[in-house]
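Just so it is clear, none of the values below were taken in a lab; they were calculated from the coordinates. Bear in mind that the values here come from a model prediction, so they are computed numbers and not experimental data. Cβ atoms come from the backbone with ideal geometry, glycine included; neighbour counts cover every protein chain shown.
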Amino acid sequence: MADKNKGRVSAKQFPDGELIQIPDIATRLEKLFREAFEPRVNVARGMGKVICALDLRGLAGRANVEVWVKSSGADTFYIESSVDGVNWRPAGTIVLDAAGEKSDGFINARPLVRVRVETTNQVEIEVCGSR
């Protein structure tokens, strides 16, 4: 009778000599997937110039981004994205005609997203991204 496990690999020898057990590879892959798909969030509150930025590097593919804003008065929030953190491109705006809150979502290929506002009102900004 043939051995069902004959020829199965339970460890992998890498060119650098490191020997990794197959369960270790599965654990590493699970960690990578968890990191790539787990939502990331950042929150900023204040008055004056308020910026809330989120780094989405490491997410697999284009990120789904949701922006939630709240203000004690009328405000315009500018959503921007960047590949290098220096050159920011417009991605949208959220306008509040009076005190209140609003959210908007979009798909973003750039790894850095920020929302900014200059105001005399009390504001809160939340940026959330995931794959």
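Taking a ≥ b ≥ c as the square roots of the eigenvalues of the Cα gyration tensor, region 39-130 is prolate, since a/c reaches 1.5 or more and a/b is larger than b/c.
Karplus-derived 3J(HN,Hα) values for region 68-76, using 6.51 cos²θ - 1.76 cosθ + 1.60 with θ = phi - 60°, are 10, 10, 9, 9, 7, x, 5, 7, 10 Hz; glycine and proline are entered as x.
Label-to-label distance, Arg57 versus Ser130, with points set 7 angstrom from Cα along the beta-carbon direction: 2.3 nm. Calculate, for Ala98 and Asn64, the FRET efficiency according to 1/(1 + (r/R0)^6) with r their C-beta to C-beta distance and R0 35 Å; round to the nearest 0.05. For R0 = 35 Å, the calculated efficiency reads 0.75.
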